[in-house]
Amino acid sequence: FTAVLQDQYELSHLSEETSQVNSLPSSYLNFIANTQLSVGSASNQLVNYLSTNGTKVSPKVLVLKESSQIDNNFKSAQENGNYNQYFVQVMQSQLSSYANDLTSAYNSTKGIHGRKLLANFYKQVALLVSELKQVNAS
């Protein structure tokens, strides 16, 4: 569950950073807003689930998947005029990693409530992947 929560925090971080960019098309902004809402809600649900089951994840652990390299590359991409392309690449990679971690967590979880929660998150990430494909096509 920790890897899933870390993915959620990184996706939230990337979405927040990207929402600050002024020149993004509305399709990108809509995707970012949907990502923030979906992943933020999932993160809150997972933190509550873990807390209910006696597990607390330290804030230092939550941010371990945040990448200053990606942040720096976003800045360079913006300066070079290929921000949108880089954004799609990074988000595809991050959503894929999140989906893989969800699958691993689901396969290693025995509890019905945890599995149901993870299955719901997987459906949400599939919707985000589909939306990102549409954003990239536009």
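Among residues of region 126-138 being touching a residue at least 60 places away in the same chain (Cβ under 8 Å) and part of a helix (DSSP H, G or I), the one that is nearest to residue 89 (Cα to Cα) is 132. Which of (1) farther than 19 Å from residue 119 by Cα; (2) assigned to a helix (DSSP H, G or I); (3) open to solvent by less than 80 Å² (accessible area, probe 1.4 Å); (4) not polar (S, T, N, Q) is the odd one out, the single condition residue 57 does not satisfy? With respect to (1) farther than 19 Å from residue 119 by Cα; (2) assigned to a helix (DSSP H, G or I); (3) open to solvent by less than 80 Å² (accessible area, probe 1.4 Å); (4) not polar (S, T, N, Q), residue 57 is out only on (2).
Look at region 109-121: where a residue is assigned to a helix (DSSP H, G or I) and modelled with pLDDT of 95 or more and a partner is open to solvent by 40 Å² or more (accessible area, probe 1.4 Å) and among the polar types (S, T, N, Q), sitting 6+ places away or on another chain with Cβ atoms under 7 Å, you get 117/45. Take the residues of region 35-54 that are outside any loop (DSSP other than H, G, I, E, B) and open to solvent by 70 Å² or more (accessible area, probe 1.4 Å): which is nearest to residue 17 (Cα to Cα)? Only one residue tops the list, namely 37.
What are the residues in region 73-129 that are among the aromatic types (Phe, Trp, Tyr) and open to solvent by 50 Å² or more (accessible area, probe 1.4 Å), if any? Those that are among the aromatic types (Phe, Trp, Tyr) and open to solvent by 50 Å² or more (accessible area, probe 1.4 Å): 106, 122. Take region 90-114 and flag every residue that is charged (D, E, K, R) and in contact with a helix residue (DSSP H, G or I) (Cβ under 6 Å, 6 or more places away or on another chain). 101 - this is the single residue of region 90-114 that is charged (D, E, K, R) and in contact with a helix residue (DSSP H, G or I) (Cβ under 6 Å, 6 or more places away or on another chain).
Yes/no matrix, rows are residues, columns are (1) modelled with pLDDT of 90 or more; (2) hydrophobic (A, V, I, L, M, F, W, C); (3) touching a Gly at 6+ places or on another chain (Cβ under 9 Å):
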| position | (1), (2), (3) |
| --- | --- |
| 3 | yes, yes, no |
| 13 | yes, no, no |
| 16 | no, no, no |
| 19 | no, no, no |
| 24 | no, yes, no |
| 32 | yes, yes, no |
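Being hydrophobic (A, V, I, L, M, F, W, C) and over 16 Å from the mean Cα position of the chain (by Cα) is a property that residue 57 has.
The values are calculated or read from the model by the stated rules, or taken from the named source; none is laboratory data. Keep in mind that what you see is a predicted model, and the values were worked out from it rather than measured. Positions of Cβ are generated from backbone atoms using ideal geometry, with glycine treated the same way; all protein chains shown enter the neighbour counts. For the accessible areas, the whole protein counts, side chains as well, though only heavy atoms, and no ligand, DNA or RNA atoms are used. Shrake-Rupley method; radii C 1.70, N 1.55, O 1.52, S 1.80 Å.
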